[in-house]
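Step one of this worksheet: look at the structure below.
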Amino acid sequence: PGDDDGDAGVKLDTKPKTKRPPLYKVMILNDDYTPMEFVVHVLERFFGLSHAQAFEIMLTVHKKGLAVVGVFSFEVAETKVTQVMDFARRHQHPLQCTMEKE
Ligand code: TYC
């Protein structure tokens, strides 16, 4: 229910605006052709994961179809996706990497 002054009044109090920038999930997708070792290498190289972490995520993708590799600002997420897609293409693997707003 609003008042009846046609919004003549002004908003007196506002929340301090500390809105954080949106974050983006970077995901890799399973396929039937990219070698497991290649995916592990990609995860180590572009996401700074340990071999054990990289292997675990690779296996999750292999079994479940996809996994979130990390969460980043738009610019960083976009860079990761581009790096992975370029690297996969150069090695002629169909590996797919995508990003999605959290
Ligand atoms: N499914 C692939 C294979 O059996 C391995 C693989 C894992 C591919 C993860 C892509 O994102 C991927 N060789």
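Along the chain, the exposed loop sites are trypsin sites (Lys or Arg not before Pro) outside DSSP states H, G, I, E and B with at most 16 other Cβ atoms within 10 Å, and the longest stretch free of them is 20-102. Label-to-label distance for LYS11 and THR82 is 3.6 nm, based on points extended 7 Å past Cα in the beta-carbon direction. Sites listed here are chymotrypsin sites (Phe, Trp or Tyr not before Pro) in the chain whose DSSP assignment is loop and whose Cβ has at most 12 other Cβ atoms within 10 Å: TYR33. The portion of the accessible surface of the range 1-96 made up by carbon and sulfur, rounded to a whole percent, is 54 (1.4 Å probe; DNA, RNA and ligands excluded). Helix 51-64 axis versus longest C-alpha principal axis of the chain: approximately 80°, rounded to the nearest ten.
Under the simplified labelling scheme, the THR98-THR18 pair shows an inter-label distance of 3.5 nm, with each label point 7 Å from Cα along Cα→Cβ. Along its principal axes, the chain has C-alpha extents of 68, 25, 23 angstrom, given from the largest down.
Annotated for the chain: lysine pairs at least 8 residues apart or interchain, Cα distance under 17 Å, count 5. Projecting label points 7 angstrom from Cα along Cα→Cβ for PHE74 and GLU56 puts them 3.2 nm apart. Relative to the longest principal axis of the Cα atoms of the chain, helix 36-47 runs at roughly 40 degrees.
The values are calculated or read from the model by the stated rules, or taken from the named source; none is laboratory data. Predicted model, so just to flag it, every value in this text is computed and none were measured. Cβ atoms come from the backbone with ideal geometry, glycine included; neighbour counts cover every protein chain shown. To get the accessible areas, we keep the full protein, side chains included, count just its heavy atoms, and leave off ligands, DNA and RNA. Shrake-Rupley method; radii C 1.70, N 1.55, O 1.52, S 1.80 Å.
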